[in-house]
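Asker: Here it is, the structure, as structure tokens.
The numbers here are math on the coordinates, done by the rules we state, and not lab data. Here the structure is a predicted model, which means the values were calculated and not measured. Here the Cβ positions follow ideal geometry from the backbone for every residue, glycine too, while neighbour counts run over all protein chains shown.
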Amino acid sequence: MGMKDKLHDVSLYLPGDEELMKAQTLCLEQLYDFNQTRPSEYDKRRAMLGEMFAEIGENCYIEPPFHANWGGKHVHFGKNIYANFNLTMVDDTHIYVGDYTMFGPNVTVATAGHPVLPELREQAYQYNAPVTIGKNCWIGAGAVILPGITIGDNTVIGAGSIVTKDIPANVVAVGNPCKVLREINEQDEQFYFQGRRIVREDLV
């Protein structure tokens, strides 16, 4: 099995392979250039993301600075995804994000981990497990999503949550460790924040 395969099959491996490091450095050079763009260079940013990411749909926007171990090379975005400042994607293997999902500032999505056994960690062994985030999710500010996690469609992850287990679709989940607080319900169809009513006639 080649080193590139070990990135993506949850094997233990040592990340110091020279060929991999060269490829990763090229990705990080692109990421550096993206983070140096000016706010007015919207079209340039969009074109750069198309080169950097494994896949990226229409109308996606990432507010720099953006951080990623492989510069987005293993990130798959649907369409209409928004990410606020300081999105960190430890994309040593694949990260899948569905259409219309939103990331608050300072969110971390991690695919890489290290053994708990000290003697293996001392040698810098690593493993990677993919992360899947469904469509139309809202990942709150400062949330951390750990390797191997799946989050279902339409789900809200509360600010500061640490997601250590899969979260189903159509729920609000919060906390450390992140747990389901409730399902999205009829009240959410009427109110958007602290008793403030949704007036559909006023919506564009």
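Asker: Tell me the label-point distance for the pair Leu117, Leu28, using the 7 Å Cα-to-Cβ offset, in nm and rounded to one decimal.
Answerer: 2.8 nm
Asker: Computed from the coordinates I sent, P(r) over Cα pairs in 5 Å bins from 0, in percent equals one of (i) 1, 7, 14, 19, 18, 15, 12, 8, 3, 2, 1, 0, 0; (ii) 1, 7, 16, 21, 22, 19, 11, 3, 0, 0; (iii) 1, 7, 13, 14, 13, 10, 8, 7, 8, 7, 6, 4, 2, 0, 0. Tell me the label.
Answerer: This structure yields the entry labelled (i).
Asker: Going highest first, how would you order 108-120, 73-85, 192-204 by mean Cβ packing within 10 Å? Can you show the working numbers first?
Answerer: Working: 108-120: 15.3, 73-85: 19.5, 192-204: 7.3.
Packing order, densest peptide first, comes out as 73-85, 108-120, 192-204.
Asker: Another question, then. Can you tell me which of 166-173, 177-184 comes out highest on packing, and rank the rest after it, using the mean Cβ neighbours within 10 Å? Before the final figure, lay out the partial values.
Answerer: Numbers: 166-173: 17.5, 177-184: 13.8.
Descending packing order for the listed peptides: 166-173, 177-184.
Asker: Something else about it: Once both labels are modelled 7 Å past Cα along the beta-carbon direction, what's the Phe85-Leu181 spacing in nm?
Answerer: It works out to 2.4 nm between the two label points.
Asker: Further, regarding this structure: On a 0 to 90° scale, report how tilted helix 42-52 is relative to the longest principal axis of the chain, with both axes built from alpha carbons and the result rounded to the nearest 10.
Answerer: The answer is roughly 50 degrees.
Asker: Ranked from highest to lowest mean number of other Cβ atoms within 10 Å per residue, what is the order of the peptides 57-66, 154-163, 37-46? Mind showing how you got there, number by number?
Answerer: Details: 57-66: 16.6, 154-163: 20.5, 37-46: 11.9.
So the order, starting with the most tightly packed, is 154-163, 57-66, 37-46.
Asker: Can you work out the FRET efficiency for the pair Glu201 and Arg46, with r the C-beta to C-beta distance and R0 = 35 Å, to the nearest 0.05?
Answerer: Numbers: r = 34 Å, r/R0 = 0.97.
Step by step, r from the Cβ atoms, then E = 0.55.
Asker: A follow-up question, please. What net charge is computed for the residues neighbouring Cys60, neighbours being all others with C-beta under 9 Å from the C-beta of Cys60, Lys and Arg scored +1, Asp and Glu -1? If you can, show how the numbers build up before the last one.
Answerer: Details: positive: Arg46, Lys79; negative: Glu58.
Neighbour charge sum, excluding Cys60 itself: +1.
Asker: Contact order normalised by length for region 3-202, with contacts defined as Cα pairs under 8 Å and 6 or more residues apart; what percent is it? Working shown, then result.
Answerer: Values: 491 pairs, mean separation 27.0, N = 200.
Reported as a whole number, the value is 14 percent.
Asker: Also: Rounding to the nearest 10 and keeping the result within 0 to 90°, find how far the Cα-based axis of helix 18-35 lies from the longest principal axis of the chain.
Answerer: Roughly 40 degrees, rounded to the nearest 10.
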